[in-house]
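Enquirer: Mind looking over this structure? Questions follow.
The values are calculated or read from the model by the stated rules, or taken from the named source; none is laboratory data. Since we're looking at a predicted model, the values are computed, not measured. Here the Cβ positions follow ideal geometry from the backbone for every residue, glycine too, while neighbour counts run over all protein chains shown. Only protein heavy atoms, including side chains, enter the accessible area calculation; ligands, DNA and RNA are left aside. Shrake-Rupley method; radii C 1.70, N 1.55, O 1.52, S 1.80 Å.
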Amino acid sequence: IVCVFSGLPESIIAAACARSGQRVLHVDSRNYYGGNWASFSFSGLLSWIKENQQNTDINDKCEDWRKLIFENEEVISLSKKDKTIQHVEDFCFVNQDSAEDVEEAGALPKLPVFGASGAEGVAQESEKECPPVECALQEAESSEPEEATDTEPANATEGKDTEVTSENESSQSAALGESTLELGKTEAAHTEISAQEPKKITYSQIVREGRRFNIDLVSKLLYSRGLLIDLLIKSNVSRYAEFKNATRILAFREGKIEQVPCSRADVFNSRQLTMVEKRMLMKFLTFCLDYEQHPDEYQDYENSTFAQFLSTRKLTPSLQHFILHSIAMVSETDCSTLEGLQATKKFLQCLGRYGNTPFLFPLYGQGEIPQCFCRLCAVFGGIYCLRHSVQCLVVDKESGRCKAIVDHFGQRISANYFIVEDSYLSESVCTSVSYRQISRAVLITDQSVLNTDSEQQVSILTVPPVDLGRPAVCVIELCSSTMTCMKDTYLVHLTCPSTKTAREDLEPVVQKLFNLNTEKEAEKEELEKPRVLWAVYFNMRDSSGIDRNSYHGLPSNVYVCSGPDSALGNDCAVKQAETIFQEMFPAEEFCPPPPDPEDIIYDEDEIAPEETGLSNSPETKPESSSEEGSSRESTAVQKEDNEK
């Protein structure tokens, strides 16, 4: 099997194939893992920006590769230019004069490695001040909960170490926030917000501390009962990563940011809601958990939008806003009633499994997840080649199947199956394909959008559309304990489906939430909003949901994977990977658990050579390499005596 590109779907497929005993070659023309799913340090992101702004072609090292093609074969040329990223614009709002000669601290040539995206050994001060929530995902050995010596209520998980285990389906009350997970030792105290002004951050500091940043090209969270979490647990890939709870869900209403009560405890402890509103909200959320059992309550509104359905449920405007934008997280105009109920139920079912919100975030960024699956593939014999581009697919004219690829060195590599990412296909193959676009922005700020008692917050905020016909914007704010930014800064990701360029789509939202004044302008006025220190906008291609028949002349044994979609979770990538794997190997299990070392049974032929060199006699045991020959002679003599 040959996988071209190392995005999340391709990495999952490669791991599943290697785990089932297939021989896997995984190649990527880039010098880093993940493609558009990758994470970069600050200097790495600047290089990525420069590369995409110039958008240069890749020069071929081998020009005579066509000599490898036989008469009964034809080729499908692959694209040599990445066209998935457009309209890249970056801005700096702090003084850059002092950063001309500054280099990244500890900067070395960044080699592609498995693990922390080149972030090993960073953020030590942040770890000491506020340890990250580390979630060790593992399969539960028993359905009964283990005894815990140090336990905390589920609504106190913020800033604490958490052990995450798979479990049986929880009851309705547990889905509303009565958590059944076990908590490890908690940190002594939360980091308190300083009453003083935020520390002044300079561009030279950002550059110098650039390795503390792990900036995702695609911004996503993991649903605690989503397909990706289940796959991480089942395959034991979770041992290669650590996770932090998303600590709060926010809402933007009437120009203000408020925290949304999610769990049962949050609802009844909330000061934003009246007692009547609390009862209304709990009654509606309880209905959503088993709405299928009460079809009479929503059948008349199946053809209506979810927003119209909410208006009939005796909910106040603030409750309707919370449910629509912060719990269901769906569009006000395009989402049907059934889709809204399904999204609300999914949100509620994920509550209480690992914390007070439904989401987890991988430490060091989303780019860790593809690398984790690549590592599993490598453990089971997969071969990886970065900076290794592919010229073409070689197709047999008679059978119509792909026989091999030709790489940029002029090597012909044969295989039975080929996995290709959509961005590698040429325009001649994608003539009938219509792509959507995603608008992305990444900001480095000096404060949180909502200051509380703790600085170490992972927040998710949905900003309703500014104008009718415009999409809602998903905002994810990460603190330094996620290992994605330096101390005293926040990393903010904004995402929405594109209607125009990324800057045109997202800058109005940025202006609502943040201050875009330059350093000199900021000194003249008192700032209430967080100040943006640096920003980048770009559009990314969304190739999800494209029918295979849309690709022209694609062989039956070539499978196409899509890039990131605009959804918050990763279910699309996992479903796609499992579907492709089952089409190739319908009799094989998808990503089965790896065997326990204690359960591995070795063949006698494998262990026999080891046994022949062992002896119970201390005289025949070699004491050094120089005595190895005499030891073997003694063993041979003893063996001969035993046979006699």
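Enquirer: Give the residues of the range 218-235 that are hydroxyl-bearing (Ser, Thr, Tyr) and closer than 20 Å to LEU461 by Cα, sorted by residue number.
Expert: SER219, TYR223, SER224
Enquirer: Right, another one. Being of a type outside the set (A, V, I, L, M), touching a Cys at 6+ places or on another chain (Cβ under 6 Å) and assigned by the TED database to the domain that holds ARG401 is the requirement here; does ASN549 meet it?
Expert: The answer is no for ASN549.
Enquirer: Within the range 203-219, take every residue that is open to solvent by less than 20 Å² (accessible area, probe 1.4 Å) and not in a loop (DSSP other than H, G, I, E, B) and give me the one that is farthest from CYS350 (Cα to Cα).
Expert: Among residues in the range 203-219 that are open to solvent by less than 20 Å² (accessible area, probe 1.4 Å) and not in a loop (DSSP other than H, G, I, E, B), the one farthest from CYS350 (Cα to Cα) is SER204.
Enquirer: Tell me which residues, restricted to the range 39-71, are modelled with pLDDT of 90 or more and outside any helix (DSSP H, G or I).
Expert: Of everything in the range 39-71, those that are modelled with pLDDT of 90 or more and outside any helix (DSSP H, G or I) turn out to be SER39, PHE40, SER41.
Enquirer: Can you list residue pairs whose Cβ atoms sit under 6 Å apart, with the first residue in the range 458-481 being farther than 17 Å from VAL218 by Cβ and of a type in the set (Ser, Thr, Tyr) and the second being in a loop (DSSP other than H, G, I, E, B) and open to solvent by less than 30 Å² (accessible area, probe 1.4 Å)? Count only pairs 6 or more apart in sequence or on different chains.
Expert: SER481/CYS130; SER481/PRO132; SER481/GLN456
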